[in-house]
Amino acid sequence: MLDSSGGIFAAHDYRHFAGITGGSLAPDTPPSKEQIQQARIHNHLTPLTAESITEIFLAYPRIYLVTDKLNDFDAIASQLPFTDRILIEVFSLKGYYQAKRLGLLPMLSTSDIALAKSLKIPMVATHTSTLQDPDKARLAQSYLAQGGCIMAFSSNEKSFIESHLEVSASMIYTDYFDINTKQCKLEEAMCKTY
């Protein structure tokens, strides 16, 4: 998201950010950078600004940032100096080509794998329900075999992940990934590693 002066900070949306930081921020307007820096998520976690995001990503050159919440591609390109490791989910062909022109790595969000294949779009984000359709799953397999990349969102079901990962999806978003053990945590527990 963008703060009131146009600076990037990590948040799902303004309302959610206001809620997880105690509710004192306005839920429908961008907070200031100062408000973000003073806020605490769940009373103890520090929100991330563009500077702290950059610090983390420069310290760990093998990690990628995946985002679907910020479609101000100019802000991403100018504020985050590791654009070769930012995957942006875009929701239109116009957005796809705009991000690409700025040197960013867009993923077209679509269930139309055939369209992505015909336009030679190398990365797609799709809902896991797309892969539950046998015809679309076969098309996804063909797309992957030709070098495409599919990021499927979201599944916490071990059987789904095992049957589709590296078959009809390159990567699968899950809510329970513990980066210390590099294993999916399928229990109902909040990830403690961030």
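Measuring gaps between exposed loop sites in the chain (trypsin sites (Lys or Arg not before Pro); DSSP loop; at most 15 other Cβ atoms within 10 Å), the longest gap, sites not included, is 121-181. Positive end of the dipole of the chain (Cβ unit charges, origin at the Cα centre): among A10, Q38, S78, the Cα lying farthest that way belongs to S78. Among the listed pairs K69/K136; K94/K117; K69/K158, those with a Cα-Cα distance over 21 Å are K69/K136; K69/K158.
For segment 1-48, averaging the sequence separation of C-alpha pairs within contact (under 8 Å, six or more residues apart) and dividing by the residue count gives a relative contact order of 35 percent. Beta bridges assigned by DSSP with both partners in the chain are antiparallel in approximately 25 percent of cases. Simple spin-label estimate for E162 and Q132 gives 1.9 nm between the two label positions (7 Å along the Cα-to-Cβ direction from each Cα).
Around the amide H of S32, modelled in the peptide plane, lie the amide H atoms of S4, all under 5 Å away and 5 or more residues distant in sequence or on another chain.
Counted residue by residue at 0.36 nm each, then reduced by the alpha carbon distance between them, the extension gain from L102 to T54 reaches 15.4 nm. Considering only GluC sites (Glu not before Pro) in DSSP loops that have at most 15 other Cβ atoms within 10 Å, the longest stretch of the chain without any of them is 1-156.
Rg over Rh for the chain works out to 0.98, both radii taken from alpha-carbon positions and Rh defined as the Kirkwood radius. Restricting segment 1-105 to chymotrypsin sites (Phe, Trp or Tyr not before Pro) that sit in a DSSP loop and have at most 16 other Cβ atoms within 10 Å of their own Cβ leaves Y64, F82, F91. For the chain, a crude dipole built from +1 on the beta carbon of Lys and Arg and -1 on the beta carbon of Asp and Glu, taken about the Cα centre, is about 420 debye to the nearest 20.
Helical content of the chain, expressed as a calculated mean residue ellipticity at 222 nm, amounts to -9500 deg cm²/dmol (DSSP H runs of 4 or more residues, -39,500 (n - 2.57) each, divided by residue number, nearest 500).
Computed from the coordinates by the stated procedures, all read-outs in this text should not be read as laboratory data. Just so it is clear, the structure is predicted and the values come from calculations on it, not from any experiment. Heads up, the Cβs are rebuilt from the backbone with ideal geometry, glycines too, and the neighbour counts pull from every protein chain shown.
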